[in-house]
Amino acid sequence: MDLKDLLSKVVEYALVHHLIEDEQTEQVQKKLGEMFLIRDFIVHKTQFHIDYSRMMNQLLDIAYEKQLFTPNILDERDAFEAKIIDVVMPDPRTVKAHFHQFYEIHPSLATDYLYRLSIDVNYIKNIRLKENISWTYSGKYGNLQMTINLAKPEKDPKEIAMALLRPIQIDLNRPKCVLCKENEQNYFNARMNLRLVPITLGHELWHFQYSPYQYYNEHSIILHDLHRPMKICDKTFEYLFDFVDLFPTYFIGSNADLPIVGGSILNHDHFQAGKHVFPIEEASVIKSFHAKENITVEHLNWPLSTIRLTSSSRIELIEQATNILHSWRNYTCENLDIISHTKNTPHNTITPILRKQQTFYVLYLVLRNNRTSQEYPDGIFHPHQDVHHIKKENIGLIEAMGLAILPGRLKKELELIRSFLKKELSLPNELIKHEAWINDLQLLDYIDDQILLNEVGKKFERVIEDSGVFKLTEIGNQKLHQWIEEIIKS
Ligand SMILES: [Zn+2]
C-alpha cells in the first residue's frame, strides 16, 4: 500500500471509531499531508476491516524512510505513532468536556468513554498486551493471579531509589516525570495521544487517566496536579474515600511512600484504580476483633500483614484507619525484626486499598517495613536473594494484593528451562541465576508447561511471604493481635 492509501486508511479508521466528525475530515487530511510532506490525498471509504497494527507499521516504516523520526527503535516509533493519532482524535479540551457530560448521566459512562477512547487511539497498547502470559496459581492463600508482562521493562529497586535523588530536568518542554500532567499531548514519552480528565479529591486537583500497561481490567492512574512525592498521611484516606464516592464501581489503592516497599515511582504522588477483584479480597479471616459498634476489624490470612476494616460510616472508618497508621509508624518489636526507625529514618508505612460495596466501605491496610540488614541488604521484608531469579523488583500495591507481574525475560527463560530439562541443551549462561531452582525441578518425576508455571506460582508465594512483617506463625499472630487490640481500645 502506498503512503496516500495508508493516510486514507488512518482517516477512515478515525471516522469509523468516531475519533473525528465527518466535517473535520478536510482539516485532518491537510494536517496529515503536512506531516508526511505531501500535497493532498483522497479519503476512500472502503468499509473493509482495518488492521490497525499493519496499517500503522507500514506508515511508520515510510515515516522513518522520510527521516521524520530517528532512530528506528520501539520508543521512537511509539512517539511518532502517537503524533499521527493525535491529529485524528479529539483534543484535550473536548475529551474533558465529554467526560464531564457523561459523568453527569452516570460515572460508569464517563469511565467507559475514556477507556474506549484510550484503546481506540492505541494509548492502551491492547495488541501488545495480548502477548502477556497469565495463569492462576492455587496455593496456601487461595488463587494467586500470575502474569508475565512483555510490555514493560524490569526496574531495579536501586534505580528507583536513585531517581528520587536525581535533580529535576531543566528542559521546560520535558515533563519532570512520566506521571506529570504535562505529559498530556506531549511528544516526550510517546504521549501525544494521552488524554487526562481532572477530578477533585480532598479539595485538591488530581488527574485521571488509564495506564498504557493494563495490569488488570480498566487499570487507571490518578496523579496529583503537582509533581510532589508520594506521601501516606491522614489526608491519604480522604483522597481515597472521595474517589470511591465519585466512582463507586472502581477500587483504589496507593503504593507505600518509602523505597523498597513502594512502587516504581516515588517522586510523583499518585494512586491506582480499576475494575478488578484481587486475591487479597478473597482471603479468609484469621481473627475478628471487637472494635467500635460500627466497624469490623479483621486480620486476614494473607502473607503480607493485612488488616481489613469494614463500615458504612466513612468518618469512623477514617478515624480508625488514622489511628492504625499513626500507631504503626512507631511500632517496634525487636523479636520479629520490626524496628520503626534507624536514627531518624522511618521504616514503617502502609499500602492502603479501598473499595465501596453498596453502602459499605472496605479498607485494607497492608503493613510494610523497609529496613535492611547485613543479612538482607535488599530489605528484610522484601523478596530474599534466593527468589530474585523470579522477581527482584519492589513488591508494590498490585503484587501486595496477589497479582504477580513477572518480568518479560521469564518467558524465554522458562522455554530454555523446559529444553534443558528435556536434555536438549547444556545449561546456558542465561539460566545460571535459576541453577538452584533447576536442580530442584530435576527432582520432579514429570514436568510439563502447567507444572512449570505452577512452580513459578510457588516462588511468587514465597516472594510475598518474604514481604510480610508479622509472619503467620504463632508468635507473629500473637504480637499482631495484641497490637490491634491495643489500638482499637484506645
Ligand atoms: Zn511528575
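For this structure, a couple of remarks:
- Averaging Cα coordinates gives a centre for the stretch 329-393 and one for the stretch 456-490; these two points are 10 Å apart.
- Around the Cα centre of the stretch 3-89, unit charges on the Cβ atoms of Lys, Arg, Asp and Glu (plus for the first two, minus for the last two) sum to a dipole of about 220 debye.
- Each of T345, T332, T111 was scored by other Cβ atoms within 10 Å of its Cβ. Listed from fewest to most, they are T345, T332, T111.
- Helix-derived mean residue ellipticity, 222 nm - over the chain, DSSP H n ≥ 4, -39500 (n - 2.57), to 500: -11500 deg cm²/dmol
- Translational diffusion of the chain, µm² s⁻¹ [Kirkwood Rh, Cα pairs; Stokes-Einstein; 10 °C; 1.306 mPa s]: 64 µm²/s
- Once both labels are positioned 7 Å from their Cα atoms along Cα-to-Cβ, the gap between Q442 and K411 label points is 2.9 nm.
- Exposure proxy ranking, count of Cβ atoms within 10 Å, fewest first, for E238, E430, E23: E23, E430, E238
- Our coupling estimate for the stretch 301-306, obtained by passing each phi through the Karplus curve with A = 6.51, B = -1.76, C = 1.60 and θ = phi - 60°, is 7, 9, x, 8, 4, 10 Hz, Gly and Pro reported as x.
- Between I73 and E375, the FRET efficiency from the beta-carbon distance, with R0 = 30 Å, is close to 0.15.
- Additional length obtainable on full extension of the chain from H203 to E131, 0.36 nm per residue less Cα span: 21.9 nm
- Residue-span extension gain [K433 to H18] - 0.36 nm each, minus C-alpha spacing: 144.4 nm
- Spin-label model, K66/V285: points 7 Å from Cα along the beta carbon direction are separated by 6.4 nm.
- Label positions at L109 and H44, each projected 7 Å from the Cα along the C-beta direction, are separated by 3.9 nm.
- Which of M56, M35 has the fewest Cβ neighbours within 10 Å, and the rest in rising order: M35, M56
- Given charges at Cβ of Lys, Arg, Asp, Glu: the chain dipole, positive-most of L6, G139, H203: H203
- Alpha carbon convex hull of the stretch 3-89, projected area averaged over orientations, nm²: 5.1 nm²
- Between Q482 and N294, the C-beta separation translates, for a Förster distance of 22 Å, into a calculated FRET efficiency of about 0.40.
- Pairwise centroid distance, computed over Cα atoms, of the stretch 233-277 with the stretch 397-443, Å: 32 Å
- Residues in the stretch 104-123 that a label on Q27 would reach, taking backbone N under 17 Å of a point 7 Å out along Cα→Cβ: none
- The angle separating the long axis of helix 25-35 from the principal Cα axis of greatest extent in the chain is about 80 degrees.
- Farthest toward positive dipole pole in the stretch 3-89 [+1 Lys/Arg, -1 Asp/Glu at C-beta], among F36, I73, T25: F36
- Full-stretch length increase - T342, D449 - with 0.36 nm per residue and alpha-carbon distance subtracted: 34.0 nm
- The stretch 87-126 versus the stretch 197-225: alpha-carbon centroid distance in Å: 13 Å
- Placing R0 at 22 angstrom, the Cβ-Cβ distance between T249 and H100 gives a FRET efficiency of 0.80 after rounding to 0.05.
All of the numbers you see were taken from the coordinates with simple rules; none came from a lab. This one's a predicted model, so the numbers in the text were calculated from it and none came from an experiment. A quick note on method: Cβ atoms are made from the backbone with ideal geometry, for glycine too, and the neighbour counts reach across all protein chains shown.
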